[in-house]
Amino acid sequence: MTALDKIKKILGPKGFLGNPEDMAPYVTDWRGRHTGQAAAIALPKTTAEVAGVVKICAHAGIAMVPQGGNTGLVQGGVPGASGKEVVISLSRVNKILDINSEENTARVEAGVVLATLQDAAAKKDRLFPLSLGAEGTCQVGGNIATNAGGIHVLRYGPMRDLVMGLEVVLPNGDIWDGLKVLHKDNTGYDLKQLFIGAEGTLGIITAATLKLFPAPKTRETAILAAPDPACLLQTLTALQNRFGERLSAFEIFPAAALKMVLKHIPGTRDPFPRQHPWYALIDLWDVTLNPGLADDLEAALGTLLEKGVASDVVLARSLQHAGDFWKLREFIAEAQKKDGDGIKHDISVPISKIPEFIARADTAVEDILPGFKRVAFGHAGDGNIHYDPCPPGGMDQKTFLKFRREVNRAVYDIVADLGGSISAEHGIGITRREELHHYKSKVEIALFQSLKAALDPNGLMNPGKII
């Protein structure tokens, strides 16, 4: 009996896909830029079944590709071109095991969709704060494996700060049960941190204990127009000084991004009567009923208008109105994809360096691609900017992408000079592996390789990613 036959036997016909047509959705990345080949798709339903598949693959020397919702942007969850890898999808390992309001914790399996977890927490008057554009399809295990960030990192931190414990199937098929509900545990190495952000290269996350928070009772949203990123940074500082941790999100985007959304996303409209160079989307949350919060926000923004820091402001007057504002931000990536897409960068720099980064990057890319569309948006509150140059008018996508390597090097050199990171929340995968090895020190790469060799000595777990 072959290894694939053994996998099919333990998973049953619903847990094993071997036909190319059935496997197609699992071998192409979300952006549609990479299509690999797989020997099979394994769809286990339990941690024990995941471990069984891994043991069979490890014994036979078959490489494995762990996969969540396949919404990643760096090709980290899809197979290569060999056709010999087995994709292990966690989509059926999807139970919510426990929502504990007293402990403020959730225990969930890796295949739980992020929005499902958010809804389950809300029913217990709790908040799971991770929020991102793909939350309706991405899965918790993938969020952990990529250390996902999203729009509320400013207040709650990235996924790394939200994980209390993990259950992981190791590359030899052993199961590590680290599903603890402890805020303090000082008994040696913090093993869970090895797997958060490791993109499935050290093991397969099958379950997690996550932090929950009191659900906000008051939410105020506003969209602000400004002349430049420096003014947006002044706005951020002023709001943090006035509202502290109640400032839950501060997202920025330029006119070019807004134009794309208005063009390609139905049901969107410009909140302002005229176009402005830059915009900020602001969320204030209070865990208590605070009817005066809207007036306080309006007063704070009025002061910025008087000083000329802001050009115009619109406050949301209902949840529907706020949702309309957020649609303008959340659908930028989708609008880009429909518009012809860009050369993607998911960088972080010190918050104070954001205006300098954007200015220097714009100049550098203009030298390479005169007339390119400037699209820089994202999580200014934590220094994470998605800097995505788009094609100049009249340039086709194939010609445009020929400049990718040159543009990447120009942008990443500026990031490195400012003490930043070439990947803030999307990960490395295949897409940024070359740049990682260029910008990380030899000492760091050697440590990465030592960890990989210690936990996955045969290199079977998500090969070709990161290392």
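The values are calculated or read from the model by the stated rules, or taken from the named source; none is laboratory data. If you're wondering where the values come from, they're calculated on a predicted model, not measured in any experiment. We place every Cβ from the backbone using ideal geometry, glycine too, and count neighbours over all the protein chains shown.
Of all the helices (runs of 4 or more DSSP H) wholly in segment 287-372, which have at least 2 residues that are loosely packed, with under 14 Cβ neighbours inside 10 Å?
The helices (runs of 4 or more DSSP H) meeting that bar are 293-306, 319-330, 354-368.
Entry remark, segment 1-54: residues being over 13 Å from Arg92 (Cα atoms), buried (at least 18 other Cβ atoms within 10 Å of the Cβ) and of a type in the set (Lys, Arg) number 1 in total. If you go through segment 273-329 and keep only what is of a type in the set (Ser, Thr, Tyr) and more than 25 Å from Val375 (Cβ to Cβ), you end up with Thr288, Thr303, Ser318.
If you take the residues of segment 159-190 that are over 30 Å from Leu236 (Cα atoms) and among the acidic types (Asp, Glu), which of them is surrounded by the most Cβ atoms within 10 Å (Cβ to Cβ)? Out of the qualifying residues, it is Glu167. Quick check, is Gln67 at pLDDT below 95 and not assigned by TED's automatic domain parsing to the domain that holds Gln397? Judged against the criteria, Gln67 is not a match.
So that you can scan it fast, the table gives a plain yes or no per residue for (1) of a type in the set (S, T, N, Q); (2) closer than 21 Å to Leu258 by Cβ:
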{"position": "Gly340", "(1), (2)": "no, yes"}
{"position": "Asp346", "(1), (2)": "no, yes"}
{"position": "Lys353", "(1), (2)": "no, no"}
{"position": "Pro370", "(1), (2)": "no, no"}
{"position": "Gly383", "(1), (2)": "no, no"}
{"position": "Thr399", "(1), (2)": "yes, no"}
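Taken residue by residue, segment 405-412 has no member that is assigned by TED's automatic domain parsing to the domain that holds Ala361 and closer than 23 Å to Gln67 by Cα.
Annotation note: of Gln139, Gln118, the sole residue that is in contact (Cβ under 8 Å) with a residue 24 or more places away in the chain and either farther than 20 Å from Arg329 by Cβ or surrounded by fewer than 23 Cβ atoms within 10 Å (Cβ to Cβ) (or both) is Gln139. Scanning segment 148-158 for any residue that is among the hydrophobic types (A, V, I, L, M, F, W, C), surrounded by fewer than 24 Cβ atoms within 10 Å (Cβ to Cβ) and not in a helix (DSSP H, G or I) turns up nothing. Pro66 meets all of the listed conditions (1) over 23 Å from the mean Cα position of the chain (by Cα); (2) in a strand (DSSP E or B) but one, namely (1).
Can you say whether Val93 is among the aliphatic types (A, V, I, L, M) and under 26 Å from Ala335 (Cβ atoms), as far as the supplied structure shows? Explain how you work it out, then say what you get.
On the way: among the aliphatic types (A, V, I, L, M): yes; under 26 Å from Ala335 (Cβ atoms): no.
No: the conditions fail for Val93.
Any residue at all in segment 101-114 that's of a type in the set (D, E, K, R), in contact with an Asp or Glu (Cβ under 6 Å, 6 or more places away or on another chain) and touching a residue at least 24 places away in the same chain (Cβ under 8 Å)? There is at least one residue in segment 101-114 that is of a type in the set (D, E, K, R), in contact with an Asp or Glu (Cβ under 6 Å, 6 or more places away or on another chain) and touching a residue at least 24 places away in the same chain (Cβ under 8 Å).
Looking at the structure I just gave you, is Gly72 buried (at least 21 other Cβ atoms within 10 Å of the Cβ), under 20 Å from the mean Cα position of the chain (by Cα), in a loop (DSSP other than H, G, I, E, B) and of a type in the set (Gly, Ala, Ser)?
On the way: buried (at least 21 other Cβ atoms within 10 Å of the Cβ): yes; under 20 Å from the mean Cα position of the chain (by Cα): yes; in a loop (DSSP other than H, G, I, E, B): yes; of a type in the set (Gly, Ala, Ser): yes.
Spelling it out, Gly72 is indeed buried (at least 21 other Cβ atoms within 10 Å of the Cβ), under 20 Å from the mean Cα position of the chain (by Cα), in a loop (DSSP other than H, G, I, E, B) and of a type in the set (Gly, Ala, Ser).
I need the full set of residues from segment 159-200 which are part of a loop (DSSP other than H, G, I, E, B) and touching a residue at least 40 places away in the same chain (Cβ under 8 Å), in order please.
Initial filter on segment 159-200 (part of a loop (DSSP other than H, G, I, E, B)): 170-174, 179-191, 196-200.
Once the filter is applied, which keeps residues that are part of a loop (DSSP other than H, G, I, E, B) and touching a residue at least 40 places away in the same chain (Cβ under 8 Å), segment 159-200 yields Leu170, Pro171, Asn172, Gly173, Asp174, Leu179, Val181, Ile196, Gly197, Ala198, Glu199, Gly200.
Within segment 132-183, the residues that satisfy the criterion of being within 20 Å of Arg31 (Cα to Cα) and either of a type in the set (S, T, N, Q) or assigned by TED's automatic domain parsing to the domain that holds Gly427 (or both) are Thr137, Gln139, Asn143, Thr146, Asn147.
Just to be sure before I move on: is Gly200 over 18 Å from Lys452 (Cα atoms) and either surrounded by fewer than 18 Cβ atoms within 10 Å (Cβ to Cβ) or not charged (D, E, K, R) (or both) in the structure I sent? So Gly200 fails the test.
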